[in-house]
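Remarks on the structure that follows.
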């Protein structure tokens, strides 16, 4: 980690949305990509504030923050019981904003710029604290155009939610999981206090949605259903958080892999926590699993009682690139003590294609000198996590958003979000389903160190216009290699080391950037060295 910035009450006050005591801003975060398109921002970040009091006590809210290339907030839109054109009915203690996931352009040709799934774990429809998920269709300014509510009363969602199940405590976009099937997108939803098999064991739902956000069908995975028999114990709180790892096993049988937290798992000691890597086919059927805990999955971190390991998870893509791992997973442990009490920690786990840990790194008050004196007792660093990709566009760093939901600056438990700059060329995607851009990718140049010519592979999920540019380390464009339409599939282009005028470029580091239909790929930069 090279540096960080903090978004807190002082950041938000100039936008007319000051944070109050107890708001818990940062309990959940999600990357919305370049929501305003040609507007001034390069990325939008959704942040939950579960105890916001708009309209009544502890109803909750979501902030849409528009960021510039260095992570500065340019503008903000609040969505609550009284703001953002949201017409849903929120009640006392609903905790709207407790989970967030970007679903992309779910309504296709419809009017929205994209859809955001928002958990409200204490919604009382059908009973007490059963929970709900709202699908918010947003315009490019982050205001709500319409919404769809999913709970125990929804058509086609026939599961029997019980009181205090807290359905909606975790949400994750799975893209168009069934492919040519009837759904427009799939959504994973956690119900952390589900009692299948015993009290508070937890459950995970895979919901297949239509373009209006309504449930078409679903699968449930719990202690008694979905091929997960015998895996969970009482109070494991399975599905505290969930994220997609994409097609982790590559040519293997799974269509998608999910990371699922179980914060009450007892491997190695009481409530140390765990994360399951779960492989599913396109129908949402569980095929296999790998557990990561104090005693399994080759993880060597030191976990203690009630560390809340697995309380937040987000995928960071192929973080080490030329290294041996297939994917990097960030895992929050919001109650890790660090050099105090409940200061929090975030672990970066490098996984192979089977979900086993190959190496790991801890970021906390006890391991990172940059955070010395900055994280305090009970701040809960890592309460929410989201990868934002390469905000700068230069391909030399990536940004990870980490919630500090009980941050006290300016008052008690107002909350904050830390934007961590991770050094290196880290391909991190938006938390959401594939689009023309997101189903595409830029491969590593071969050779990556060259003197005469190098070949650059790229792929497309569907027909699209592709632009590939070469930039130098100072942020200047040197050469445009590609600017035309291609069909779906694998392609490649070459660079001979010259600029647009045909002049030889100087020796040094350069970066490749790819855009699809005018949209820069998050984490779409690749480094190479010209000798």
* Using only Cα atoms, locate the centre of region 96-167 and the centre of region 221-289, then give the distance between them in Å, rounded to an integer. => 22
* Structure fact -> From DSSP H assignment alone, runs of 4+ in the chain each adding -39500 (n - 2.57), the sum over residues rounded to the nearest 500 puts [θ] at 222 nm at 0 deg cm²/dmol
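Using only the Cα atoms, what convex hull volume per residue in Å³ does the chain have?
133
What does the extension gain come out to for residue 359 and residue 377, with contour length at 0.36 nm per residue minus their alpha carbon separation?
Taking 0.36 nm per residue and subtracting the Cα distance, the gain is 3.7 nm.
State, as an integer percentage, the relative contact order of the chain based on alpha-carbon contacts under 8 Å between residues 6 or more apart.
11
With a cut-off of 8 Å between alpha carbons and a minimum separation of six or more residues, what is the relative contact order of region 191-340 in percent? Can you show the working numbers first?
On the way: 390 pairs, mean separation 24.4, N = 150.
Relative contact order of region 191-340: 16 percent.
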* Structure fact -> Using alpha-carbon coordinates alone, the radius of gyration and Dmax of region 53-125 in Å work out to 13.7, 42
* To do: Could you give the spread of the C-alpha atoms of region 159-234 along their three principal axes, from largest to smallest, in whole angstroms?
  => 38, 24, 19
* To do: Starting from the Cα of residue 140, step 7 Å toward the Cβ, then list every residue of region 64-107 with an amide N under 18 Å from that point.
  => 64-69, 74-77, 104-107
* **Spacing of the two label points (7 Å from each Cα toward its C-beta) at residue 491 and residue 75, in nm** => 3.3
* Structure fact -> Expected unfolding gain across residue 463-residue 247 under the 0.36 nm per residue rule, minus the alpha-carbon gap, is 75.6 nm
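Apply 1/(1 + (r/R0)^6) to the Cβ-Cβ distance of residue 156 and residue 529, taking R0 = 45 Å, and write down the FRET efficiency to the nearest 0.05.
0.25
How big is the shadow of the Cα convex hull of region 441-530, averaged over all directions, in nm²?
Its Cα hull, projected and averaged over all orientations, spans 5.3 nm².
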* To do: Grab the Cα-Cα distance for residue 5 and residue 305, subtract it from 0.36 nm times how many residues apart they are, and report the gain in nm with one decimal.
  => 105.0 nm
* For residue 453 and residue 476, what does the FRET efficiency come to when R0 = 22 Å and r is the distance between their Cβ atoms, rounded to the nearest 0.05? -> 0.55
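Values in this text are rule-based calculations from the coordinates and carry no lab data. Keep in mind it's a predicted model, so treat the numbers as computed, not measured. Neighbour counts are summed over all protein chains in view; Cβ atoms, including those assigned to glycine, are modelled from backbone coordinates with ideal geometry.
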